[in-house]
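Chemist: This structure is in structure tokens; I'll ask about it shortly.
We did not get these values from a lab; they are worked out from the coordinates using the rules stated. If you're wondering where the values come from, they're calculated on a predicted model, not measured in any experiment. Note that we place each Cβ from the backbone using ideal geometry, even for glycine, and neighbour counts take in every protein chain shown.
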Amino acid sequence: MTNKFTSERNFSSNQEILNWDNVCEDIKNKLGKDIFNSWIQKLKLVEDLEHYLVLSSPTRFIRDWITSRYLDEILNIVQKHKKSVNRIDFVIQDSFNSKEPNKKNIFNNQKNSNITFIEDSLLNFSRLDESKNFSNFIVGNSNNLAYQACNKVCEKISHYNPLYLYGGIGMGKTHLLNAIGLKMREKYKVMFISAERFMYQFVKSIKTNQMVKFKDFFRKSDVFIIDDIQFVSGKETMQEEFFHTFNALIENGSQIVISSDRPPNKLVKIQERIRSRFSGGLVVNIEDSNFDLRLDILKSKMNEIKITFPDIKEPSEELLKFLSLKIKQSIRETIGALNRIISFTKIYNKSPTVAESKIILRDLLNFSENTVTIENIQKTVSQFYKISLSEMLSKRRSRYLVRPRQISMYLSKNLTTKSLPDIGREFQGRDHTTVIHSVKIIDKLIKNSEETSKEIQKIKNKILYKESNEI
């Protein structure tokens with residue numbers, strides 16, 4: 001098979017080598033040729049280790065897209081070829097190439113870099129993401145204080161110690177921690193790890209009787225960055241070790257940076273002495289994002305997407321404002337909504353309207369299917385065309401009645417989950433073939449008549465989104 005995947009392995013390893021060509025063939029058969037060619041084949045295999053793989057992606061957008069949609073299926077396929085693999089990690093290709101021209105020796109050479117290293121452990125791959133830096137972090141009122149504090153830490157080590165960032169999910173905490181690591185590794189030894197991975201390494205060290213190595217490794221870094229510290233809640237033995245690691249780092253003058261989803265005094269099942277030390281540094285809250293910040297982030301994300309797909313149909317300003325206004329649970333969900341819109345654009349080669357986006361994002365917008373009923377559609381259409389509901393549902397075939405009737409059936413098919421026979425019964429017992437005919441007629445009209453298309457979009461707005469004048 002001719003395959004564009006490029007395999008680059010660390011040949012010094014004695015472990016079994018994964019047959020990447022066979023994996024690629026199975027991925028293509030499972031996901032389909034179109035998905036494989038559009039997304040998966042852009043990846044390259046960088047490293048094949050005992051328990052996980054490292055893949056490189058041309059851009060962060062492609063990595064995020066594959067991770068959110070296909071990663072589980074890819075991992076399942078990989079495990080059929082190599083059962084010991086339990087995780088897939090990614091690196092962005094551009095930064096990977098620029099920093100390590102001799103890619104075969106990337107992990108062998110890592111000992112000579114400023115990133116701390118554990119031999120034969122899950123930490124032999126740097127968790128720092130080159131794409132999450134200060135230059136592409138969008139600053140707004142809600143995160144400005146956190147952004148400034150992170151920059152100050154980079155200017156003067158251990159000035160704020162520890163620096164403790166907290167905020168809701170998807171608010172940019174990990175981005176800022178990563179940016180600190182990228183900036184400070186130019187001069188210092190940096191350790192960037194999640195609390196979950198710290199716990200894994202701790203347990204592994206106990207089982208393999210390597211606690212001395214564990215202690216030495218984590219206490220020798222100049223900058224210790226740990227993400228999602230709330231995950232150590234209830235782990236008393238690990239908290240004990242973390243407490244001593246924390247104290248040793250402070251005594252050595254190392255900078256500690258911590259993130260969590262809550263302030264120190266709200267951390268449950270964590271020792272009081274640890275919470276006290278967290279509170280003794282600079283504690284900064286990343287507040288919920290506002291409309292302007294979300295809009296700026298979406299525009300920045302679109303600029304990034306256009307680098308990868310320069311010919312893509314861009315969402316309108318109105319649509320970006322709609323997403324920023326309505327998808328506000330977290331910045332991550334706002335970007336996720338944009339990714340769905342981009343998916344629609346790639347499939348249909350057009351950017352969806354606001355009305356179409358409401359259907360695409362129905363679950364995020366909390367639109368209940370029960371609120372969109374055939375009865376509501378019938379009433380809205382009859383009011384729009386200024387005819388009575390009884391006339392529209394009658395057996396009469398006058399043109400001024402037939403078209404609204406067909407539009408009602410079309411919308412009933414597209415906006416509800418009712419079957420064709422069910423829809424027919426709601427229109428005075430008409431046959432399901434009548435519904436099919438109506439849907440085909442309206443589909444054709446939408447393509448050929450701009451006026452009809454605009455009318456139907458207006459009706460959709462009235463049905464799905466009563467506050468459409470909000471934007």
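Chemist: Specify which residue in the list ASN144, LEU319, GLN406 is farthest towards the positive end of the charge dipole of the chain, using unit charges on the beta carbon of Lys, Arg (+1) and Asp, Glu (-1), about the Cα centre.
Modeler: Towards the positive end, the residue furthest out is GLN406.
Chemist: Moving on to the next point. Taking semi-axes √(5λ) of the Cα gyration tensor in Å straight from the coordinates, which label in (1) 35, 29, 25; (2) 38, 28, 19; (3) 52, 28, 20 is the correct one?
Modeler: Matching the structure shown: (3).
Chemist: Under 13 Å from the Cβ of LEU361, count the other residues' Cβ atoms, weight Lys and Arg +1, Asp and Glu -1, and hand me the total. The partial results should precede the final answer.
Modeler: Working: positive: LYS326, LYS328, ARG340, LYS358, ARG362; negative: GLU333, GLU356, ASP363.
Charge balance near LEU361 sits at +2.
Chemist: Can you list the HN-Hα couplings for the range 401-415, worked out from phi with the Karplus curve (6.51, -1.76, 1.60; θ = phi - 60°), rounded to whole Hz and with x for Gly and Pro?
Modeler: 9, 5, 5, x, 5, 5, 5, 4, 5, 4, 5, 4, 5, 8, 10
Chemist: I need the shape label for the range 166-310. Rule: rounded when a/c is under 1.5, else prolate if a/b > b/c, else oblate, with a, b, c from the alpha carbon gyration tensor. Before the final figure, lay out the partial values.
Modeler: On the way: a/c = 2.08, a/b = 1.62, b/c = 1.29.
Since a/c reaches 1.5 and a/b is larger than b/c, the shape of the range 166-310 is classed as prolate.
Chemist: List the aspartates and glutamates whose Cα sits under 15 Å from the Cα of LYS215, skipping any in the same chain fewer than 8 residues away.
Modeler: Cα-Cα hits under 15 Å: GLU119, GLU240, GLU241, GLU251.
Chemist: Charges on Cβ only, +1 for Lys and Arg, -1 for Asp and Glu, centred on the Cα centroid of the chain; of ILE40, PHE202, PHE384, which one is farthest towards the dipole's positive end?
Modeler: PHE384
Chemist: Please state the shape class of the range 255-371: rounded when a/c is under 1.5, otherwise prolate if a/b exceeds b/c and oblate if not, all from the C-alpha gyration tensor.
Modeler: In terms of gyration-tensor shape, prolate.
Chemist: Sort MET199, MET171 so the one with the fewest other Cβ atoms within 10 Å of its own Cβ comes first.
Modeler: MET199, MET171
Chemist: Under the rule of at least 5 residues apart or a separate chain, name every residue whose amide H is placed under 5 Å from the amide H of TYR52.
Modeler: Those lying under 5 Å, H to H, from TYR52 are ASN86.
Chemist: Within 15 Å, Cβ to Cβ, of TYR348, how many net charges do the neighbouring residues add up to if Lys/Arg are +1 and Asp/Glu are -1?
Modeler: Result for the local shell: 0.
Chemist: Given H placed 1.01 Å from N in the peptide plane, which residues other than close sequence neighbours of VAL91 have an amide H under 5 Å from its amide H?
Modeler: When sequence neighbours closer than 5 places are left aside, the close amide H contacts are LEU55, SER56, SER57.
Chemist: What's the center-to-center distance, using Cα atoms, between the range 236-277 and the range 51-92 in Å?
Modeler: Result: 32 Å between the Cα centres.
Chemist: Follow-up question, since we're still on this one. What net charge is computed for the residues neighbouring ASN339, neighbours being all others with C-beta under 10 Å from the C-beta of ASN339, Lys and Arg scored +1, Asp and Glu -1?
Modeler: Computed value for this residue: +2.
Chemist: When DSSP assigns beta bridges and you keep just the ones with both residues in the chain, what percent turn out antiparallel, to the nearest 5?
Modeler: Among the beta bridges of the chain, antiparallel pairing accounts for roughly 15 percent.
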